[in-house]
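Taken together, the values in this text are just the output of simple stated rules run on the coordinates, not laboratory data. Values in this document were obtained by computation on a predicted structure and should not be read as measured data. Counting neighbours? That spans all protein chains shown, and the Cβs are built from the backbone with ideal geometry, glycine included.
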Amino acid sequence: MKLISVCLYRQDALLVVEVWDPSIDPPVLKEVDLEDEGGRWLLLVQSLTENFGYRRPRTGGKIVWCTVAGLEA
C-alpha cells in the first residue's frame, strides 16, 4: 500500500492543493492514447488549475502542488 498525504489551504483568492508521496521521481506530463488506463492525472491538473509544480521536502518524497482560482473573499 502506498501512503499519500493531502493538504488544502487558502492563499488569498486561491485554493492550494498539495499532495505528498514517498517517491522522489518528478511528475512527468505524458502523451496518452484513448485506450490507456492511466497517466492522465497531470494532464488534468494542468487543464483545471492556474499553476502547478513540485518540490522535494527535506523529510523525503515529493510534494506536487497546484492552485485553483475563483474563491470568494
Please identify the pairs in which a residue from segment 31-57 that is among the acidic types (D, E) has its Cβ atom under 9 Å from the Cβ atom of a residue that is assigned to a strand (DSSP E or B), counting only partners at least 6 apart or on another chain. E50/L14; E50/C66; E50/T67; E50/V68; E50/A69
Residue check: is L8 free of Cβ contacts under 8 Å to residues at least 40 places away in the same chain, among the hydrophobic types (A, V, I, L, M, F, W, C) and either in contact with a Pro (Cβ under 7 Å, 6 or more places away or on another chain) or in a strand (DSSP E or B) (or both)? yes
Considering only segment 5-24, I want to know if a residue exists there that is touching an Asp or Glu at 6+ places or on another chain (Cβ under 6 Å) and not basic (K, R). yes
Considering residues that are in contact with a strand residue (DSSP E or B) (Cβ under 6 Å, 6 or more places away or on another chain) and more than 16 Å from D21 (Cβ to Cβ), the number found within segment 34-63 is 3
Looking at (1) hydrophobic (A, V, I, L, M, F, W, C); (2) over 15 Å from V6 (Cα atoms); (3) surrounded by 11 or more Cβ atoms within 10 Å (Cβ to Cβ), which one does L48 not meet, given that it meets all the others? (3)
If you go through segment 11-58 one residue at a time, how many are part of a loop (DSSP other than H, G, I, E, B), closer than 18 Å to L71 by Cα and either among the aliphatic types (A, V, I, L, M) or over 15 Å from the mean Cα position of the chain (by Cα) (or both)? 2
Considering only residues that are closer than 20 Å to L15 by Cα and of a type outside the set (A, V, I, L, M, F, W, C), which ones fall in segment 36-64? Q46, S47, T49, E50, N51, G53, Y54, R55, K62
